[in-house]
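Worksheet: one structure, shown below.
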Ligand SMILES: Nc1ncnc2c1ncn2[C@@H]1O[C@H](COP(=O)(O)OP(=O)(O)OP(=O)(O)O)[C@@H](O)[C@H]1O
Ligand SMILES: [Mg+2]
């Protein structure tokens, strides 16, 4: 599903954000990207959906050579990926339903079908009664669920989430994680970047550790526990 | 493009016009101003051209004949002149006819002519040129050749006047493009700016669309269509104002200037010019949008 071969990302000279990363993630896996602030977690996620371009190395996602995609290829890659951001990134002037439906519409789903899909997802995530509200009127946890609904509306085979619990209290965070677990149970591959060590303890999925741009450990191979 | 795409683009354009109504109105207004000025020049140029043509049919070369000529001698001369490629018609005005005309032009004061003999005025030929030759150079050329005819004593034609008038028409033709050119550049910048505002107002939305995999065309098309609509609106507005201006002027001009003999001589823009103005508006809108999109979309 995801292959990184000797990937480096350098924003500023002498200060690499990622160095020589080698990583394989299989279809259906649930993986935490962890590490302290500035480790390069967000950067690694960005490389996967071509939010940034790798300085060196090869990246394959869903069988697509990400480093060689043109504009159209990038759009197609992103249609297969659901993205969840720490800051939610919902459009404040649109209703919750429209926020979710927009994502379906822009990839070619007819309006009515988009809205129906969005509504069903919102209902599934317990937001049925809030579908007509604007995001600013929602709590952090509710907004996060809307963002997750948007990520799921195009039936992605891969979900990338950057600090999805960063803005939530512990209870909401666990709730959200259980939601991801449910998505994972349907066979969706999930990669979550987090610096929350507690999360790694409570949910025992594969964890990959980054520090200062280097891959220092991988629970899948060494059994290194969270520190 | 699939139907769902078209409906999506359509709804976005509507939404943008609703949300940025005043920006759009101001931009359309600016485009209308530019096209109004350009169209005004077009209108003036067209009408002067029309006048020139109308007057052209009245433009004649007068060739005065030697007094000694008999009617039998005039005949071959007239025939020869009719053979000139530029010449449309030649009319012989006898001494008697010239005298009558002169008397008529004096009207009630013709009494002063009492006692004068009718042959003090020379006989003449009134020569009209074909439409294609009714310009200063052809007139001068024909006049030059007439002077070499031994039976013709003198040649007259409206020389200076023709030259100046042709120059004026030419000047307006050029001013239209030069001034128009500057205005178009300025307008393009303003249109580009509107699109920039529209893009910035939708920046978050565009980013989200890009992140969920919207094709670039779907993101750009609404902006280009917005530009085109603005352009067409601006052009229509300018046509409306030109029409009002035309109505106003055509009711005023004949009295103030006295050059016009008939109001019907004034014409509004020809269909081709109307189409040109609409096209220019449309194109300005499209080009302005595309330039702005190129500058501002690739940054993210
Ligand atoms: N656009 C950018 N331009 C320059 N440097 C950047 C940019 N984005 C990130 N960096 C740098 O790259 C390094 C890795 O940043 P990144 O955001 O990937 O870290 P992170 O692990 O996500 O941190 P956090 O846990 O705080 O989100 C940091 O040192 C950061 O300063
Ligand atoms: Mg980060």
Starting from 0.36 nm per residue, how many nanometres of slack lie between residue B:18 and residue B:80 once their C-alpha separation is accounted for?
14.9 nm
Rounded to the nearest 10 degrees, what's the angle between the helix A:170-185 long axis and the longest principal axis of chain A, both from Cα atoms, 0 to 90?
90 degrees
Can you sort A:94, B:284 so the residue with the fewest Cβ neighbours within 10 Å comes first?
A:94, B:284
For helix B:95-106, what angle does its Cα long axis make with the longest principal axis of chain B, in degrees from 0 to 90 and rounded to 10?
60 degrees
By how many degrees, 0 to 90 and rounded to 10, does the Cα axis of helix B:3-19 deviate from the longest principal axis of chain B?
80 degrees
Over chain A, what is the relative contact order in whole percent, taking alpha-carbon pairs under 8 Å and six or more residues apart?
28 percent
When the convex hull of the C-alpha atoms of segment B:112-179 is computed, what volume per residue in Å³ does it have?
132 Å³
Relative pair counts by distance (%), Cα atoms of segment B:1-127, 5 Å bins
2, 8, 10, 10, 8, 8, 7, 6, 5, 4, 4, 4, 4, 5, 5, 5, 4, 2, 0, 0
At q = 0.16 1/Å the base-10 log of I(q)/I(0) from the Debye formula over the alpha-carbon atoms of segment B:60-157 is -0.70
Shielding by partners, peptide A:77-83 (average Cβ within 10 angstrom, other chains)
3
Per residue, how big is the convex hull around the C-alpha atoms of segment A:5-53? Give it to me in cubic angstrom, could you?
86 Å³
D_trans [Stokes-Einstein, Kirkwood Rh over alpha-carbon pairs] for segment A:123-203, 10 °C, 1.306 mPa s, µm² s⁻¹:
120 µm²/s
With a ≥ b ≥ c the root eigenvalues of the C-alpha gyration tensor of segment B:104-234, is it rounded (a/c under 1.5), prolate (a/b larger than b/c) or oblate?
prolate
Ranked on Cβ counts within 10 Å of their own Cβ, fewest leading, B:117, A:219 go B:117, A:219
When DSSP assigns beta bridges and you keep just the ones with both residues in the protein assembly as shown, what percent turn out antiparallel, to the nearest 5?
65 percent
For chain B, what is the relative contact order in percent, using Cα pairs closer than 8 Å and at least 6 residues apart in sequence?
31 percent
Which three numbers, in whole Å and largest first, are the semi-axes of the equivalent ellipsoid of the protein assembly as shown derived from its Cα gyration tensor as √(5λ)?
86, 24, 16
Proxy reagent accessibility, fewest Cβ within 10 Å first, across A:205, A:11:
A:11, A:205
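Answer rounded, prolate or oblate for chain B, using the Cα gyration tensor with square roots of eigenvalues a ≥ b ≥ c: rounded when a/c is under 1.5, else prolate when a/b is larger than b/c, else oblate.
Prolate shape, in that a/c is at least 1.5 and a/b is the bigger ratio.
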With the Cα gyration tensor of segment A:57-154 in hand, give its eigenvalues times 5 under a square root as the equivalent ellipsoid semi-axes, listed largest first in whole angstrom.
27, 15, 11
Could you tell me how far the Cα centroid of segment B:159-232 sits from the Cα centroid of segment A:58-103, in Å?
33 Å
Using Stokes-Einstein with the Kirkwood hydrodynamic radius over Cα pairs, what translational diffusion coefficient do you get for chain A at 20 °C and a viscosity of 1.002 mPa s, in µm²/s rounded to a whole number?
119 µm²/s
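Read-outs throughout are calculated quantities, based only on the coordinates presented, and are distinct from any laboratory measurement. Just so you know, these numbers come straight off a predicted model, no measurement behind them. FYI the Cβ positions are ideal-geometry reconstructions off the backbone, even for glycines, and counts take in every protein chain you see.
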